[in-house]
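Asker: Before we start, here is the structure in question, set down as structure tokens.
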Amino acid sequence: MLFRARTGTFLTFVLAGLLCGVWVARMPALAGKFHTDKGEVGIVVLVWGLGALVAMQGLRAVMSRFGSRAVLRIALPLASVTAVGVALAPSYGMLLAAVALFGMAFGVTDIAMNAQASVVEQAYRRPVLSSMHAGWCVGAMSGGLFGFATAKAGLGFTGAVLAAALVTLPLGLALGRTYLADPPAAAATAGGRRAKLPAAVYLIGALAFIAFMAEGSIADWSGLLLNDELGASEAVAALGYPIFQLAMLAGRIAGDRIRMLVGTRRLLTGAGIGTALGMTIVVAAPSVPVAIAGFFVTGLVVCTVVPTTLSLAGTTAPGQPAAAVAQVGAMGYGGLLLGPVLVGFLADATSLRFGVGVVVVLALLIAAGARFVPLGPAGEFGAEAAVPAQRTRESEALAA
């Protein structure tokens with residue numbers, strides 16, 4: 001049962017990543033379809049994020065009442081249905097309306113699947129959230145490669161997104177049977193009353209906000225940076241995102257073990273510094289291959305930040321893991337909303353290189369903020385947990 005739930009949750013991340021990967025990889029085609037400039041593309045991303053945030057406003061109470069399993073069973077198929085509307089939108093105005101609905105469904109799916117992953121992680125009693133997010137990378141990379149293939153074949157934005165939606169809908173419905181029920185302690189808060197979360201949840205949420213800003217900016221603007229600034233074709237530009245996701249996949253497969261080895265704070269600090277270095281390569285790149293290499297380096301190190309913050313959220317509020325993940329996720333989505341829009345307006349005012357360069361600053365903030373991240377007893381792994389454990393053994397030896 002536990003392995004089935006882990007596999008089902010992993011595949012849920014894959015499907016969500018696939019939907020997002022196709023959407024992001026074909027962003028240049030979307031701009032071409034509606035003849036939009038960078039600012040208007042930024043508005044599309046803004047509306048998508050606003051839709052997600054609006055849907056999340058009451059999500060914490062809903063998650064506490066019904067649990068991640070019930071919410072996810074509805075949200076994942078609904079994300080596929082609303083993606084059909086995005087694909088078929090006949091005008092820019094209709095596109096904005098469709099993107100808002102897609103953002104609402106996708107945002108709820110994202111939070112619910114992370115809450116379900118936290119339930120699985122607690123059942124395993126060891127970190128698994130980073131490996132779950134590896135599923136997102138598999139899906140996003142597959143979606144990006146599908147975007148590359150459809151661009152190479154001359155298929156437009158409409159056909160690419162529609163095909164992805166039709167593939168993910170039946171699979172999303174089937175996965176609903178694999179999810180675990182939330183712990184009974186979480187159900188005890190379900191009387192419609194909004195339970196108070198520890199302050200530590202909001203501190204973790206602040207770091208998630210910055211991390212989502214950085215990751216979202218890279219995801220949404222990588223294709224246009226390669227296409228507009230470095231002269232790559234649409235097909236080659238579509239490769240930037242899947243290569244970024246390939247690196248994230250490699251990093252997330254090893255992320256849980258690395259966290260156990262070096263500890264949570266050292267992991268986050270190293271990820272922040274490494275991301276800043278990788279994005280410096282991207283911003284200063286003289287050619288397409290160098291920029292793509294920079295995206296690979298960035299993906300390899302930034303990949304552990306988001307799953308680590310969500311993992312901490314699920315263990316910092318005992319009895320309320322789904323609500324805590326929903327809160328941190330909602331704060332993170334604020335960054336996901338603000339980051340790409342900020343890059344878009346900076347790009348219009350200066351250049352896309354300068355706009356994307358804001359990620360370097362965000363990454364350094366992650367490194368600086370890692371020392372302030374609160375670690376509850378369940379959130380201490382590896383190096384951080386080893387010190388008190390060693391002191392306990394020494395005390396027992398002296399007492400004997």
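The values are calculated or read from the model by the stated rules, or taken from the named source; none is laboratory data. Here the structure is a predicted model, which means the values were calculated and not measured. Methodologically, a virtual Cβ is constructed for each residue, glycine included, from the backbone with ideal geometry; neighbour enumeration extends over all protein chains shown. For accessibility, only protein heavy atoms count, side chains too; no ligands or nucleic acids. Shrake-Rupley method; radii C 1.70, N 1.55, O 1.52, S 1.80 Å.
Asker: Considering only protein heavy atoms, what per residue accessible area in square angstrom results for the chain with a 1.4 angstrom probe?
Answerer: Details: 15080 Å² over 400 residues.
Per residue, the chain has 38 Å² of solvent-accessible surface.
Asker: Taking the Cβ of V305 as the center, what net charge do the other residues with Cβ under 14 Å away carry, scoring Lys and Arg +1 and Asp and Glu -1?
Answerer: Numbers: positive: R252, R259, R265, R266; negative: E215, D256.
That sum, taken over residues with Cβ under 14 Å, equals +2.
Asker: Then there is this: Name the residue, out of G156, G357, G251, whose mean-square fluctuation peaks in a Gaussian network model built on the chain with Cα pairs under 10 Å.
Answerer: Highest fluctuation among the options: G156.
Asker: Once the other residues with Cβ under 9 Å from the Cβ of Q116 are scored (Lys, Arg +1; Asp, Glu -1), what is the net sum?
Answerer: Details: positive: R69; negative: D182.
Local charge sum for Q116: 0.
Asker: Could the peptides 368-375, 218-225, 172-179 be put in order, highest first, of the mean number of other beta-carbon atoms found within 10 Å of their residues?
Answerer: On the way: 368-375: 15.2, 218-225: 26.9, 172-179: 17.5.
Per-residue Cβ counts within 10 Å, averaged per peptide and sorted highest first, yield 218-225, 172-179, 368-375.
Asker: With a 10 Å radius around each residue's Cβ, average the other Cβ atoms per peptide and rank 281-287, 64-70, highest first.
Answerer: Details: 281-287: 16.6, 64-70: 21.4.
Most protected by this proxy first, the peptides run 64-70, 281-287.
Asker: Which residue fluctuates most in the GNM of the chain (Cα springs below 10 Å): K152, K33, K196?
Answerer: K196
Asker: Starting from the Cα-Cα distance between K33 and F372, subtract it from 0.36 nm times their residue separation and give me the gain in nm to one decimal.
Answerer: Values: separation 339, 0.36 × 339 = 122.04 nm, distance 4.54 nm.
Separation in residues times 0.36 nm, less the Cα-Cα distance, equals 117.5 nm.
Asker: A further question follows. Okay, helix-only estimate at 222 nm for the chain: each DSSP H run of n ≥ 4 adds -39500 (n - 2.57), divide by all residues, round to 500 deg cm²/dmol; what do you get?
Answerer: -27500 deg cm²/dmol
Asker: Here is a further query. Could you grab the relative contact order for the chain? Cα pairs under 8 Å, six or more apart, rounded to a whole percent. If you can, show how the numbers build up before the last one.
Answerer: Details: 774 pairs, mean separation 104.7, N = 400.
The value is 26 percent.
Asker: So, one more: Mean separation of Cα pairs under 8 Å and 6+ residues apart, divided by the residue count of the range 229-360: what relative contact order is that in percent? List each step's numbers first, then the result.
Answerer: Working: 134 pairs, mean separation 35.9, N = 132.
About 27 percent, as a whole number.
Asker: If I compute solvent accessible area with a 1.4 Å probe over the protein chains, what percent of it on the chain is carbon and sulfur?
Answerer: Numbers: 10530 of 15080 Å².
That fraction is 70 percent.
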